[in-house]
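What follows is calculated from the coordinates using simple rules that are stated; it is not laboratory data. The structure displayed is predicted, hence computed values, not measured ones. We place every Cβ from the backbone using ideal geometry, glycine too, and count neighbours over all the protein chains shown.
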Amino acid sequence: MGFSFWHAMVEWCCMQRPETTLFMLMSVDGKISTGDTDVLDFDHDLPNIAGVREGLHQYYDLERKTDAFSLNTGRVMKKIGMNEKNDEPVPTPVSFVIIDNAPHLTTTGVNYLAKKLTQFILVTSNAQHPAFNVSHKNLSVIFEPKGVVFGELFERLARDFEVDALTIQSGGTLNAALLREGLIDYLSIVVAPLVVGGATTPTLADGEANHTIEDLRRLVALKLIEVTPLKDSYIHLRYAVLRHPVLQR
């Protein structure tokens, strides 16, 4: 079966929601951060590592070609310093869907993102989120008091906001949840020439581990679409997610 078959399957499954791509930068051992605390971060640390920094720009070059809408989390926005921004942002053609329950974003962070993004959709289950006190024409707040149901959220994004394609760039826990719920169609992974290590360092997909034979049904099988060697020992991998992997014993 060729790629056209899998593409058709994805289109059939995604008629009521956006087509989704998990786009991530990871190390050879699957890590998406340089350590297990928020002071350690790929964006901050990899530019300082010889042998890795030389090809890093290729990831950002590919990132600029991703979908107009990107889904991320408030924790990631806090980690990369959005709450400390005090400059006037340069507007971008990118739109964000941000999941933030804690909340991690402050009023400063919400204001900065709203000024920077074309469209800013914030999703929260927290009635005290500072976004409720911020007013921007491009800011929409989706309140889910009982918790976010991602299948329903994605359908709403397609229906109410005309989101037809969505790039996922969240943390390992949310990545795993979306994969296990069958809400990711493609993976686009840039592998950096780096081994990080550490049992508690975040990976591409975290969340609860499998414990029983029955849990093997939560595994997500993939079909390789393309392998592209990049410069400076980087690799770009593209996969389609198989809708119904079969467990045979």
(message) Compute, for the stretch 3-241, the length of the dipole vector about the Cα centre, with Cβ point charges of +1 (Lys, Arg) and -1 (Asp, Glu) only. Units Debye, rounded to 20.
(response) 220 debye
(message) Taking R0 as 22 Å, what FRET efficiency do you get between Asp160 and Lys115 from their Cβ-Cβ distance, rounded to the nearest 0.05?
(response) 0.45
(request) Before anything else, pin down the relative contact order of the stretch 163-249: Cα pairs under 8 Å, at least 6 apart, normalised by residue count, whole percent. (result) 35 percent
(request) For Thr200 paired with Tyr60, estimate the spin-label separation in nm (one decimal), with each label point 7 Å from Cα along the Cα-to-Cβ line. (result) 3.1 nm
(message) Relative contact order for the stretch 81-181: what percent, with Cα pairs under 8 Å and sequence separation of 6 or more?
(response) 22 percent
(message) Restricted to Cα positions, what overall size does the stretch 166-222 have along the principal axes? Three whole-Å values, descending.
(response) 35, 30, 18
(request) Calculate the spin-label point distance for Asn138 paired with Leu40, positioning each point 7 Å from the Cα along the beta-carbon direction, and give it in nanometres. (result) 3.5 nm
(request) Round to the nearest 0.05 the FRET efficiency obtained for Val90 and Leu224 when R0 = 41 Å and r is the Cβ-Cβ distance. (result) 0.65
(request) State, to one decimal in nm², a quarter of the convex hull surface area for the C-alpha atoms of the stretch 98-249, i.e. the direction-averaged projected area. (result) 12.3 nm²
(message) Could you list Val134, Val123 so that the one with the fewest beta carbons within 10 Å of its beta carbon is first and the one with the most is last?
(response) Val134, Val123
(message) So for the stretch 1-154, considering every pair of alpha-carbon atoms, how many percent are separated by more than 26 Å?
(response) 37 percent
(request) Hand me the GluC sites (Glu not before Pro) from the stretch 155-249 located in a DSSP loop with no more than 16 other Cβ atoms within 10 Å, in residue order please. (result) Glu162, Glu181, Glu208
(request) Tell me what the chain gives for mean residue ellipticity at 222 nm when only DSSP H runs of n ≥ 4 count, each as -39,500 (n - 2.57), the sum divided by the residue total, rounded to 500 deg cm²/dmol. (result) -6500 deg cm²/dmol
(message) Loop only by DSSP, 14 or fewer other Cβ within 10 Å of the Cβ. Give me the trypsin sites (Lys or Arg not before Pro) in the stretch 107-162 that pass, ordered by residue number.
(response) Lys137, Lys146
(request) Starting from one equal scatterer on each C-alpha and no solvent at all, send me the Debye-based log10 I(q)/I(0) for the stretch 43-105 at q = 0.28 Å⁻¹, two decimals. (result) -1.18
(request) Run the numbers on the stretch 101-158 and let me know its relative contact order in percent, using alpha-carbon pairs under 8 Å that are six or more apart. (result) 35 percent
